[in-house]
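The values are calculated or read from the model by the stated rules, or taken from the named source; none is laboratory data. Note that the structure is a prediction, hence the values are computed from the model and not measured. Cβ placement follows ideal geometry from the backbone for every residue including glycine, while neighbour counts extend to all protein chains displayed.
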Amino acid sequence: TATAAKKSSAVPKARAAAAEPGELAVRPGEDPWTPDEVAEARAELQSEALRLSSEIASSETSLAGLMRDSGDGAGDDEADTGTKNITREHEMALAANAREMLEQTERALERLDAGTYGLCENCGNPIGKARMQAFPRATLCVECKQKQERRY
């Protein structure tokens, strides 16, 4: 029965650990996450998600207008056509960037809920609380991020 008690108490404890701010990954020497710090990170990520969603909607509206206004280009000279194309491509790039940032933000929120926030997705080591506070969407520790950037 002592073994059964250990097994049954281990499961709830594992679930609770994922939800406890002090259990989120930190580097050696860093203070554990406090509930206020976790709430601040969550609020910042949620605010960023709302901002990005709004930016994407605005961008899509602009793109729809650009596509509608482009028509067949009758009466436009080459400079007008080129300007319209550049504007449309720029707006498409902004929208794509905003979508990618939104995905990263949503992934960070999921990791926060799962208790894996602050762990490097490449090596599994803690990313570092200071880095997470400066860049809440970070998924790689500094070392892995530097290796990734050197490959490109």
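Structure data summary
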item	result
Complete set of residues in segment 93-124 that are surrounded by fewer than 14 Cβ atoms within 10 Å (Cβ to Cβ) and either touching a residue at least 60 places away in the same chain (Cβ under 8 Å) or part of a helix (DSSP H, G or I) (or both)	Ala93, Ala96, Glu100, Glu103, Glu110, Asp113, Ala114
Subset of segment 50-63 (residues that are without any contact (Cβ under 8 Å) to a residue 40 or more places away in the chain and under 11 Å from Ala95 (Cβ atoms))	Ala57, Ser58, Ser59, Glu60, Thr61, Ser62, Leu63
Qualifying residue in segment 29-36 (condition: loosely packed, with under 14 Cβ neighbours inside 10 Å, of a type outside the set (Ser, Thr, Tyr), more than 24 Å from the chain's Cα centre (by Cα) and modelled with pLDDT of 80 or more)	yes
Evaluation of Glu89 against (1) closer than 16 Å to Val26 by Cα; (2) modelled with pLDDT under 90 (one fails), failing number	(1)
Matching residues in segment 95-146 - criterion: being of a type in the set (Gly, Ala, Ser) and touching a strand residue (DSSP E or B) at 6+ places or on another chain (Cβ under 8 Å)	Gly118
Within segment 125-152, tally of residues that are within 27 Å of Ala43 (Cβ to Cβ) and part of a loop (DSSP other than H, G, I, E, B)	10
